[in-house]
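Everything below concerns the one structure shown next.
The values are calculated or read from the model by the stated rules, or taken from the named source; none is laboratory data. Because the structure is a prediction, the values reported are computed rather than measured. Neighbour counts are summed over all protein chains in view; Cβ atoms, including those assigned to glycine, are modelled from backbone coordinates with ideal geometry.
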Amino acid sequence: MTITSIANHADRAAAAESIYADAGIRVDKLGEYIGARISGVRLGGEISDDQAEAIRLALAVNKVVVFSGQEHLDDDGQYAFAQRLGEPTLPHPTVTSRGSQLLTIEGAANSWHTDVSFVDRIPKASILRAVTLPAWGGATTWASTVAAYDQLPASLRAFADTLWAKHSNLYDYVTSEHGGGDQETARRTEHYKEFTSSEYQTLHPVVRVHPETGERSLLLGHFVKEFHQLKPGEFAALYQVFQNRITRLENTFRWNWSLGDVAIWDNRATQHYGIADFGGQERRLHRITLAGDVPVSVDGESSRIISGDASHYSSIDEPRRLDVYAA
Ligand SMILES: O=C(O)CCC(=O)C(=O)O
Ligand SMILES: [Fe+2]
């Protein structure tokens, strides 16, 4: 790290602290690369503009933020809060949620992914609220795909910068180990049928430039099917090279849920994994995703749709660079 970048980093941290203080919130870092706890705010549709801006900044800086003591929130309150941070999408491109505005997460998505990365307009953020929790287990873990990119040696970085990947919603989710027994297998099979009822395929750059921070991140996860112009046999080995770096424990943040907790992650800078270590117990979380922009590569090229039209699911966000990250 150069002296200039240390100075910039310190300046940025100081600027962020004063924005948090002006909004009356407190942001405590929980890890070097990812994770922070925000306190001093009651979540809902009534948060002030200053609070919304401060939360947005804390999210960009820390990639995942968690709030506790939000027991007052119900589905409507969670939705009204989400609207203060962006434009909610439909619950999912293919999963209907039976008329609800929120997606219910049952069980755990015990596989590393970025949400809905098979469409062109990948959601910018997800807001998850604990509704029913098991007596043990069921934590969620996130990984910083920005830290993983930053840590790449120059040769791999240059390679990744030019690589593109095909993402699809047809992935092997049901077959993954979950430890929930036959009933859970049946639920997953049913879910997979709905999840894959129409196919979406999009070609995304493996390295995208974050529109609010200018940071580069690795865009991969379990919806990736192949690398453009590479052989299927080359895919698995190469995918693991990058994925192992993303999920290095130093790049992760793990949260053990309590009722009243809400977590928000920047879906442009992270992957996540719901840990299926709670046996057959009930676990339910409610999720809202916020509309995102279409990813852009380091060369300024946008992702390309191969199949599927996601316009019913989400608008396209028009992001703006955060002042603190001004070029
Ligand atoms: O089960 C979890 O903890 C995470 C679920 C998930 O992947 C999501 O909410 O997008
Ligand atoms: Fe997810």
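Going by what's in this entry, would Asp299 be described as among the acidic types (Asp, Glu), surrounded by 15 or more Cβ atoms within 10 Å (Cβ to Cβ) and under 16 Å from Pro211 (Cβ atoms)? No, not satisfied. Of the numbered criteria (1) within 16 Å of ligand 2 (Cβ to nearest atom); (2) more than 29 Å from Gly77 (Cα to Cα), the one Arg283 fails is (2).
Strands (runs of 3 or more DSSP E) fully within the stretch 258-309 that include at least 2 residues being within 10 Å of ligand 1 (Cβ to nearest atom) and in contact with a strand residue (DSSP E or B) (Cβ under 6 Å, 6 or more places away or on another chain): 262-266, 270-274, 284-290.
Residues are listed down the side, and each one gets a yes or a no for (1) among the acidic types (Asp, Glu); (2) surrounded by fewer than 23 Cβ atoms within 10 Å (Cβ to Cβ); (3) more than 9 Å from ligand 1 (Cβ to nearest atom):
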| residue | (1), (2), (3) |
| --- | --- |
| Ala109 | no, yes, no |
| Trp112 | no, yes, yes |
| Asp120 | yes, no, yes |
| Arg129 | no, no, yes |
| Trp136 | no, yes, yes |
| Ala139 | no, yes, no |
| Ser144 | no, no, yes |
| Pro153 | no, yes, yes |
| Leu156 | no, yes, yes |
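The condition of being modelled with pLDDT of 95 or more and of a type in the set (A, V, I, L, M) holds for Leu285. If you go through the stretch 196-227 and keep only what is aliphatic (A, V, I, L, M), more than 14 Å from Gly292 (Cβ to Cβ) and in contact with a Ser or Thr (Cβ under 8 Å, 6 or more places away or on another chain), you end up with Leu203, Val207, Leu218, Leu220, Val224. Residues in the stretch 174-207 that are among the polar types (S, T, N, Q) and at pLDDT 75 or above: Ser198, Gln201, Thr202.
Residues of the stretch 251-273 include none that is among the hydroxyl-bearing types (Ser, Thr, Tyr), more than 24 Å from Ala36 (Cα to Cα) and at pLDDT 95 or above. Among the residues making up the stretch 212-257, a single one is part of a loop (DSSP other than H, G, I, E, B), of a type in the set (Val, Ile, Thr) and within 15 Å of the chain's Cα centre (by Cα): Thr247. Listed conditions (1) surrounded by fewer than 20 Cβ atoms within 10 Å (Cβ to Cβ); (2) within 14 Å of ligand 2 (Cβ to nearest atom); (3) not hydroxyl-bearing (Ser, Thr, Tyr) are all met by Ile264, apart from (1).
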